[in-house]
1. How long is the gain from Arg23 to Asp135 if the chain were fully straight, where each residue apart is worth 0.36 nm and the alpha carbon distance is subtracted?
2. Can you check what the net charge comes to around Glu77, using other residues whose Cβ is under 9 Å from the Cβ of Glu77 (Lys, Arg +1; Asp, Glu -1)?
3. Can you tell me the order of 59-69, 79-89 when each peptide is scored by its average per-residue count of other Cβ atoms within 10 angstrom, highest first?
4. Determine, from the Cβ-Cβ distance of Ala82 and Arg61 and an R0 of 22 Å, the FRET efficiency 1/(1 + (r/R0)^6), rounded to the nearest 0.05.
Amino acid sequence: MPEATYPCVDTARRRTYRGCVLRVSQRLEYATRAMIELALRDDDALVPAREIAETQQIPLRFLEQQLGALRKAGLVESFRGAGGGCRLGRPAGEIRVADIADTIEGESFPMFCLEPSDHTCFQDARCGLQELWGDVYVAVRKVFEDTTLATLATRHRRMTPESPLFAPDELIRPRR
């Protein structure tokens with residue numbers, strides 16, 4: 001049986017791994033990292049987008065697009081001009097990862113057959129896999145709903161480069 005044809009990409013290390021079940025878009029990763037950066041600020045100080053981009057190593061133009069979407073959703077406030085910048089639009093404990101994901105990606109499903117508007121599969125509603133993909137969607141959605149930005153900021157504060165939560169070899173099986 002051949003491995004999955006959809007590779008996962010580790011952009012930080014410029015590696016591609018095969019056999020991934022779920023991929024998070026770079027847009028969502030960058031938006032979430034920017035939100036964590038804002039949550040790490042203890043006061044209501046405005047943080048320039050350039051500072052967020054440099055701290056999180058996100059291309060500024062790309063970050064500005066994500067911040068614009070987050071602003072429209074009320075998750076971020078932004079102010080122009082000298083001394084301007086961004087801050088969270090709500091307390092970090094009230095912002096869920098689901099809010100960020102829905103803003104950046106919209107509702108997304110692990111397989112097209114779960115899309116409410118796409119019923120083109122010849123096995124639609126008669127396939128045992130559809131229930132599996134539904135379970136994957138519900139599980140991921142629950143994690144996104146249950147995880148707040150405050151939780152992510154707390155996790156981020158306790159992380160050090162010397163002690164990653166998971167070592168890469170614990171997460172990725174080598175190709176055989």
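What follows draws every value from the coordinates through simple rules; no lab data is involved. Just so we're clear, the structure is a prediction, and the values are computed from it rather than from any experiment. Quick reminder, even Gly has a Cβ in these numbers, built from the backbone with ideal geometry, and neighbours come from all protein chains shown.
1. Details: separation 112, 0.36 × 112 = 40.32 nm, distance 1.62 nm.
Taking 0.36 nm per residue and subtracting the Cα distance, the gain is 38.7 nm.
2. Working: positive: Arg71, Arg87; negative: none.
So the environment of Glu77 carries a net charge of +2.
3. Numbers: 59-69: 15.9, 79-89: 12.9.
Put in order of decreasing packing, that is 59-69, 79-89.
4. Values: r = 21 Å, r/R0 = 0.96.
So the FRET efficiency works out to roughly 0.55.
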